[in-house]
Amino acid sequence: MEASILRFLLVTYLAAAFAAAIFYLRHRRVTPVEYLLWGTLALVLPVLGPFFVIAARPGPRKHKIPSRKSKAANPQRKP
């Protein structure tokens, strides 16, 4: 393979991994400063940074998604 193809694949992977970390952070309840720090970590450590951000699970989730079991236990019926 040529060097330009490998470079393109590496840059594409790095951009996709960084985007995944940023989208993950958007669904967590973190302050803007924490968001900036975690995003910087994902950018500064290009290969392992996004994996570390997702594995660390900073802050609680923004929205809780009810499971099927809780929906079945508490059915909300409209008259």
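Throughout, read-outs are computed from the coordinates displayed, never taken from laboratory work. The structure displayed is predicted, hence computed values, not measured ones. Cβ sites come from the backbone with ideal geometry, for glycine too, and all protein chains shown count toward neighbours.
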Loop-located trypsin sites (Lys or Arg not before Pro) in segment 1-48, at most 14 other Cβ atoms within 10 Å (DSSP): Arg29
Please work out how much length the chain gains when fully extended from Tyr35 to Tyr13, using 0.36 nm per residue of separation minus the C-alpha to C-alpha distance, in nm with one decimal. 5.8 nm
What are the ³J(HN,Hα) values, in whole Hz, obtained from phi via the Karplus relation 6.51 cos²θ - 1.76 cosθ + 1.60 with θ = phi - 60°, for each residue of segment 32-44 in sequence order, with x given for Gly and Pro? x, 5, 5, 4, 5, 5, 5, x, 5, 4, 5, 7, 6
With 10 angstrom as the radius, rank Leu25, Leu10 by how many other C-beta atoms surround their C-beta, starting from the fewest. Leu10, Leu25
